[in-house]
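Participant: Pasting a structure below so you can have a look.
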Amino acid sequence: MGACLNLAKFVFITGGVVSSLGKGLASAALGALLQARGYSVRLRKLDPYLNVDPGTMSPFEHGEVFVTDDGAETDLDLGHYERFTGVAARKTDSVSSGRIYSTVLEKERRGDYLGKTIQVIPHVTNEIKEFIAIGEEEVDFMLCEIGGTVGDIEGLPFFEAIRQFSQDKSRGQCIFVHLTLLPFIKASGELKTKPTQHSVKELRSIGLTPDILVCRSEGIIPEKEREKLALFCNVRADSVITAQDLKSIYEAPLAYHKEGLDQAVLDAFGIAPVPKPDLRQWEDVADRVYNPEGHVKVAIVGKYTQLEDAYKSIAEALTHGGMANRVCVNVEWVDAEIFEREDAAPYLQGFHAILVPGGFGERGTEGKIKAATFARERKVPYLGICLGMQMAVIEAARNVIGVKDAGSEEFDHEVGQRRFEPVVYHLKEWVQGNYKVSRRVGDDKGGTMRLGAYDAQLIEGSKVAEVYGTGSIDERHRHRYEVDIKYRDQLEKVGLRFSGMSPDGRLPEIVEWSDHPWFIGVQFHPELKSKPFDPHPLFKDFIRAAKDNSRLV
Ligand code: GLN
């Protein structure tokens, strides 16, 4: 959808009091609501941490790395943005202090600043401002979320930059939404507004006045507290929005609409009359989440089982698959390492389907291979994603065609010793669009992977061609190693079809067991493109197969 307002409006979303209040979700839901009123939106994340990108950050600490079509490794909030708005995120939708500083320092080294003294203001803040404005002509609303909370030292240049930005723009082109927490004190039965007052005071001390307060609380905010917040924080009473805890994130657009968030935003910009929202899509989504007609149990056999955020998009995509089939998907995280010591069967029996997700490093891989054996032999639906596909191929090589020492070069590189026959090898050169990309083994740090969207051709008559309903697809990648086609003939003879290939026929993208009800491994990450209102075909059909299997188990 093109822009219908003549100038893009900027909404800056900041957080206070504590972190993890769901700023990303609030931003995403607001984006969805503005779309429901016919506007075009883009969401952006500005992260104050110093890592240049989240690609090399531990998923234990930071949650999943989300990958965009254009190959950026970003914060998982961009996943929320996409899931709620359907707008494909780009490289230019996520930036960190580290990236900003490294650009400024590169420019300094190149002599772009002509020998001037380089300072946070204006050089760093200018770089941030330029980033915020990229592509402003394409949209009606640009929603920019600032990571962290107000008062963090490293966030200051961002807060200063958005303050300046709003001054540079025409009056009324920017608004500020501040998200805080109202703690409930059980002993006195009161919701406390003081932390929010302090947080707003902190914001105002750096020159920012919020137009809208979004207050997370366990229950509704009584009128008295709302008025108090309005008075002490200098916002209008109808701009104090409650964000109550929800059972499903997919209710957020409806819940925020009911609380008046989108109306408050349009009012703050002085937009009148406001177009009526069409919320049917979100009503349908909420209905499917809250009224399932059955349950399926899916095991995710992985390594980062401690932190669900490490597989955020997979968990969401499974939920979407459930919504498409009107079932609730109960996910259990099973630690792959257990199977290295014990038989997998007692742990996997009773699940209607098994998913082996992506991952890096050897730890847990023997367990994942056992999970693949279990699924193949017992005819349990199996979806292998990236490393999960590689494990399925190694499993087939070892146990079906007799390459006993089959493995991945990744694990040999880790210990600097050749132990495996590389059925999965380190790719050094490949084609992306019209370019040839090359790398060496030593390049194994951030940004040297096959990243972003690549095309694949599906083999006619295969299960995946039927699932996708088309012969060519494009999906997002994030990996260094590839299944070697030298075993293709042997594996296909025993029934493991290479049913999706890169357009040049060199890189296997999908494998499937032809005599199995549902066993598919994909080298890419389909979960990154699934949406609640448009579930990914693979997840949709995987859950359908799980549902069919649940009738048998
Ligand atoms: N570690 C594997 C590789 O680099 C798989 C990566 C992944 O699962 N994302 O090829």
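The values are calculated or read from the model by the stated rules, or taken from the named source; none is laboratory data. Everything quoted here is computed from the prediction, not taken from an experiment. Note that each Cβ is placed from the backbone with ideal geometry, even for glycine, and that neighbours are counted across all protein chains shown. The protein model used for the area step is the full one, side chains on, heavy atoms only, and it has no ligands, DNA or RNA in it. Shrake-Rupley method; radii C 1.70, N 1.55, O 1.52, S 1.80 Å.
Participant: What is the distance, in nm, between label points placed 7 Å from the Cα along the Cα-to-Cβ direction at ARG363 and at ASP474?
Facilitator: Between ARG363 and ASP474, the label points sit 3.6 nm apart.
Participant: Give me the extension gain from ILE401 to SER58: residue separation times 0.36 nm, minus the current Cα-Cα distance, reported in nm with one decimal.
Facilitator: The ILE401-SER58 span can extend by a further 119.9 nm.
Participant: Expressed as a rounded percentage, what relative contact order does region 295-352 have, with Cα pairs under 8 Å and six or more residues apart?
Facilitator: Worked out over region 295-352, it gives 56 percent.
Participant: If you don't mind, another one. Taking only protein heavy atoms and a 1.4 Å probe, what accessible area per residue, in Å², does region 1-144 have with all protein chains in place?
Facilitator: 38
Participant: Do you know the relative contact order of region 179-292, to the nearest whole percent, from alpha carbon pairs under 8 angstrom that are 6+ apart?
Facilitator: 21 percent.
Participant: If I model a spin label as a point 7 Å beyond the Cα along the Cα-Cβ vector, how far apart are those points for GLN417 and LYS107 in nm?
Facilitator: About 5.0 nm separates the two model spin labels.
Participant: What fraction of the Cα pairs in region 215-341, stated in percent, has a spacing above 26 angstrom?
Facilitator: 45
Participant: Tell me which trypsin sites (Lys or Arg not before Pro) from region 483-553 have a DSSP coil assignment and no more than 14 other beta carbons within 10 Å of their own.
Facilitator: In loop regions of region 483-553 (DSSP not H, G, I, E or B), the sparsely surrounded trypsin sites (Lys or Arg not before Pro) are ARG506, ARG551.
Participant: What is the distance, in nm, between label points placed 7 Å from the Cα along the Cα-to-Cβ direction at SER248 and at LYS531?
Facilitator: My value for the distance between the label points is 1.7 nm.
Participant: Can I ask one more? Using the heavy atoms of the protein chains and a 1.4 angstrom probe, tell me the accessible area per residue for region 362-487 in square angstrom.
Facilitator: 42
Participant: Where a Cα-Cα gap under 17 Å defines reach, which lysines qualify for LYS107, not counting those fewer than 8 residues away within the same chain?
Facilitator: LYS116, LYS129
Participant: If you don't mind, there's one more thing I want to ask. For region 142-275, what are Rg and Dmax over the alpha carbons, in angstrom?
Facilitator: Using the Cα atoms of region 142-275, the pair Rg, Dmax is 15.2, 48 Å.
Participant: Mind checking the per residue accessible area of region 194-237 for me, 1.4 Å probe, whole number of Å²?
Facilitator: Computed with neighbouring chains in place, this is 55 Å² per residue.
Participant: How big is the shadow of the Cα convex hull of region 1-48, averaged over all directions, in nm²?
Facilitator: Directional mean of the projected Cα hull area for region 1-48 stands at 4.0 nm².
Participant: In terms of Cα to Cα distance under 17 Å, which aspartates and glutamates are near enough to LYS224, apart from those fewer than 8 places away along the same chain?
Facilitator: Counting by Cα, and skipping residues close in sequence, LYS224 has these aspartates and glutamates nearby: GLU190, ASP238, GLU259.
Participant: Calculate the FRET efficiency for VAL494 and ASP309 from the Cβ-Cβ distance with a Förster distance of 56 Å, rounded to the nearest 0.05.
Facilitator: 0.90
Participant: Right, here's the next one. In region 406-546, how many lysine pairs have Cα atoms under 18 Å apart, counting only pairs 8 or more places apart or on different chains?
Facilitator: Count of close lysine pairs: 7.
Participant: Oh, and also: Take every Cα pair under 8 Å in the chain that's 6+ residues apart, average their separations, divide by the length, and report that relative contact order as a whole percent.
Facilitator: Averaging sequence separation for qualifying contacts and normalising by length gives 15 percent for the chain.
Participant: Also, quick follow-up: Within the chain, what whole-number % of the accessible surface is contributed by carbon and sulfur, with the 1.4 Å probe and all protein chains included in the calculation?
Facilitator: After summing per-atom areas, the C and S share lands at 49 percent.
Participant: How big is the Kirkwood radius of the chain, worked out from every pair of different alpha carbons and given in Å to one decimal?
Facilitator: For the chain, the Kirkwood estimate is 25.0 Å.
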